[in-house]
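K.L.:
Take a look at the following structure, please.
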Amino acid sequence: MAEFENSNDVTQPLNSDAEPPKLSDLLDRGWKIYEEVDRTNEPLGSSSIQVRVKRGLSMLEEASTMVAKLDLFSRNEELEEIATADLKYLLLPALLGALTMKQTSRDKRLEIVQTARAYFMDFLRRCKEYNITSSQFELPKSTNVNTSLDEESENGNSHVIAKPVPCSSDLVTMAAQRQAKIERYRQKKDLEARLSDVRGAVDSGEADDEVCRDFYLLNFRRWVTLSLEEIESIDQEVEILKQMGDLKQGAAKHSAQPVRPPMKPFILTKDAVQAQVFGAGYPSLATMTVDDWYEQQRKHGVLPGQGIPRKVAVEEDTDAKEREEEEKEKKAENDDEESLLKARNWDDWKDTHRKGYGNRHNMG
């Protein structure tokens with residue numbers, strides 16, 4: 001692992017004019033970028049971190065393509081037949097999946113987690129084929145995919161986007177999963193402690209072939225535990241993202257429906273002039289109840305069955321007053337003694353009492 005520590009700075013261009021990058025340099029520098037991003041206290045969404053993530057992904061993808069072209073691994077060989085110097089390239093899918101999960105694009109989040117899941121599954125399949133771990137593990141349940149892993153992706157260049165299907169579990173399965181998580185956590189802590197002891201010798205370049213081989217095998221077992229945890233987390237996140245997408249589509253369809261304009265209320269105005277001035281809007285106009293409107297129409301005598309009788313009554317009252325006046329005039333002309341006496345007494349009373357005197361009776 002000495003070349004991992006002595007590799008060039010990650011900001012150095014890959015395609016320099018001097019010479020093309022070596023496969024070992026690509027892996028080591030991409031691995032170093034992942035460890036730096038994983039340990040940093042800087043926000044993951046910052047532009048500087050995302051630039052490093054994209055650069056690390058570019059390096060690891062190029063290394064994966066070179067591994068596929070060189071045909072370093074074969075399904076017919078055993079783990080013992082793989083050279084120690086080539087063992088570390090089996091970690092490429094796991095590093096690609098872990099670094100892919102460091103991307104923070106919200107618009108492409110579903111695509112990101114599905115791509116990372118495909119990388120982790122590729123790594124777990126290889127570990128299963130080579131029996132790398134001492135304790136056997138169960139591969140996560142299969143998912144519905146539009147395309148399957150082809151020969152090239154199986155040889156280290158995995159770019160398949162998987163769509164996980166939620167698995168239903170009962171209480172027994174949930175208890176088994178909980179126990180498996182506890183066991184994985186213990187194994188991870190034990191592996192990290194053992195790795196810290198071996199890393200010093202490997203980084204210094206003093207480790208022999210057996211120590212280096214043990215170092216890479218410990219990394220495989222650690223990444224198996226991490227990959228299983230990441231896939232479980234990804235499956236839960238995918239379900240949430242799909243539900244959010246369905247809610248957004250439903251909201252978009254609902255908002256696309258035309259909105260009916262509100263109906264204009266029918267308002268009875270007190271007179272036509274007021275209606276012309278204020279218009280027919282609410283609430284600037286004064287309103288009246290049906291009883292008020294009925295009473296108004298009744299006073300004008302325009303209700304059915306009311307107009308004609310009221311006009312006849314008014315005419316009869318006018319005729320009665322005219323007849324009374326005519327009788328008074330006739331009595332005055334005929335010198336009626338009673339009428340004359342009443343008129344004289346009224347004149348005498350007005351002479352001795354001023355106008356309005358009678359209205360002040362009992363007023364002090």
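K.L.:
Take the Cα atoms of the stretch 41-119, find their three principal axes, and give me the spread along each one in whole Å, biggest first.
P.N.:
43, 23, 22
K.L.:
Still on this model: Carbon and sulfur atoms: what percent of the 1.4 Å accessible area of the stretch 75-128 do they account for? Mind showing how you got there, number by number?
P.N.:
Numbers: 890 of 2130 Å².
Roughly 42 percent, rounded to a whole number.
K.L.:
Which FRET efficiency value, to the nearest 0.05, do you get for S233 and D107 by plugging their Cβ-Cβ distance into 1/(1 + (r/R0)^6) with R0 = 25 Å?
P.N.:
Working: r = 20 Å, r/R0 = 0.82.
Working from the Cβ atoms, E equals 0.75.
K.L.:
If you take the beta carbon distance between E77 and E19 as r and set R0 to 35 Å, what does 1/(1 + (r/R0)^6) give as a FRET efficiency, to the nearest 0.05? Numbers along the way, then the final one.
P.N.:
Working: r = 31 Å, r/R0 = 0.87.
It comes out at approximately 0.70.
K.L.:
To continue, here is another question. Heavy atoms only, 1.4 Å probe, whole protein assembly: order R354, R186, R126 by accessible area, highest first.
P.N.:
Numbers: R354 170, R186 145, R126 20 Å².
Solvent-accessible surface, decreasing: R354, R186, R126.
K.L.:
For each pair in K181/K242; K32/K248; K102/K188; K54/K88; K32/K181, compute the distance between the two Cα atoms and list the pairs where it is over 31 Å.
P.N.:
Working: K181/K242 26 Å; K32/K248 39 Å; K102/K188 21 Å; K54/K88 21 Å; K32/K181 28 Å.
Those over the limit are K32/K248.
K.L.:
Could you work out how far apart the two model spin labels at E35 and D208 are, taking each label as a point 7 Å from the Cα in the direction of the beta carbon, and quote it in nm?
P.N.:
In this crude spin-label approximation the distance works out to 2.4 nm.
K.L.:
How much accessible area does R194 have with a 1.4 Å probe, in Å² rounded to the nearest 10?
P.N.:
Its heavy atoms expose roughly 100 Å² to the probe.
K.L.:
How long is the gain from M174 to E42 if the chain were fully straight, where each residue apart is worth 0.36 nm and the alpha carbon distance is subtracted?
P.N.:
On the way: separation 132, 0.36 × 132 = 47.52 nm, distance 3.60 nm.
Length gained between M174 and E42: 43.9 nm.
The values are calculated or read from the model by the stated rules, or taken from the named source; none is laboratory data. Quick caveat: nothing in here was measured; it's all calculated off a predicted structure. No Cβ is skipped: glycine too gets one built from the backbone with ideal geometry, and neighbour counts run over all protein chains shown. Quick note on the areas: whole protein, heavy atoms, side chains included, nothing else; ligands and nucleic acids left out. Shrake-Rupley method; radii C 1.70, N 1.55, O 1.52, S 1.80 Å.
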